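Undergrad: To start, I am sharing the structure in question, which I have written as structure tokens.
The values are calculated or read from the model by the stated rules, or taken from the named source; none is laboratory data. Since the structure is predicted, the reported quantities are computational estimates derived from the model, not experimental observations. When we count neighbours, we look across all protein chains shown, and the Cβ atoms used for this are built from the backbone with ideal geometry, even at glycine. Accessible surface is based on the protein model in full, side chains and every heavy atom, while ligands, DNA and RNA are left aside. Shrake-Rupley method; radii C 1.70, N 1.55, O 1.52, S 1.80 Å.
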Amino acid sequence: MSQEKKKNPLKAFTRELVDFARGERRGIRNPFVMVPVDPPVEHRLTKRLETWATNPDGDLEEWEDVTDTAGTDVTVTTIRLDGLMPETDAFETSIDLGPLDRVETAAVEDTLERNLAAELVDGLIAEYIQTGAVENERSSVLVLLNLGSLYPFTRASELLDELDRKNINTTVGIPFPGSVVGGRLSFFNEQARHYYPAHRIGNKVNAGYLTDV
């Protein structure tokens, strides 16, 4: 196996998620794992991770029949953030402000930036945690997908802060479109503004890595 293949960030991402869910690794706060992805291939990565979560295959870390240190089964659930967005009050408010030719862009952006992250997490909790579809335990892996579709209204750090604030104890993975620059997250390759205490995969997922699994 080539050295480049060993460094595939997609493999590293799925492996870290499973290791955290099994209790073999510990995070600074909740077990959060983030991997940068080349923006043009984000939606291809979404489909690849959905395949992994529903039917582990190829060289990606298999999690089926895996248990944590207490013998609890590890589960993986993928959630498309852009699918939750239309269900939020912030989104409804932004489209109810009036005819597009009379609405100031700043008003829409302000509404979404102030409320979207909190309401997305509220929607996630209502649909997955409170219904019992996902146990609120480390052995449950949640992979939050299509973060780029929410740009520029919310960021990974804001979502993780909300998850932490609302006592979500699952293992969480987020592919984010951009790069890791000096340990900081550069969303869509903007100036890196956030240092978040999550485990970050340093190498970026690009099209070549998607065909290497």
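Undergrad: First select every other residue whose beta carbon is under 11 angstrom from the beta carbon of Ser139; then total the charges, Lys and Arg +1, Asp and Glu -1.
TA: Neighbourhood net charge equals -2.
Undergrad: Keeping all protein chains in the complex and leaving out DNA, RNA and ligands, what accessible area do you get for Asp38 with a 1.4 Å probe, in Å² to the nearest 10?
TA: 50
Undergrad: Still on this structure, please answer the following. Between Thr69 and Arg26, what is the spin-label point distance in nm, taking each point 7 Å from the Cα along the Cα→C-beta axis?
TA: In this crude spin-label approximation the distance works out to 0.8 nm.
Undergrad: Okay, next question. Gain in length, Asn203 to Thr54, computed as 0.36 nm per residue apart minus the alpha-carbon separation, to one decimal in nm?
TA: Working: separation 149, 0.36 × 149 = 53.64 nm, distance 2.49 nm.
Using 0.36 nm per residue and subtracting the Cα-Cα distance, I get 51.1 nm.
Undergrad: Still on this structure: What spacing in nm lies between the two simple spin-label points modelled at Asp212 and Asn167, each 7 Å away from Cα in the Cβ direction?
TA: Going by the 7 Å Cα→Cβ label model, 4.2 nm.
Undergrad: Given a Förster radius of 30 Å and the C-beta distance between Glu135 and Glu87 as r, what FRET efficiency does 1/(1 + (r/R0)^6) yield to the nearest 0.05? Numbers along the way, then the final one.
TA: Working: r = 22 Å, r/R0 = 0.74.
Given R0 = 30 Å and the Cβ-Cβ separation, E is 0.85.
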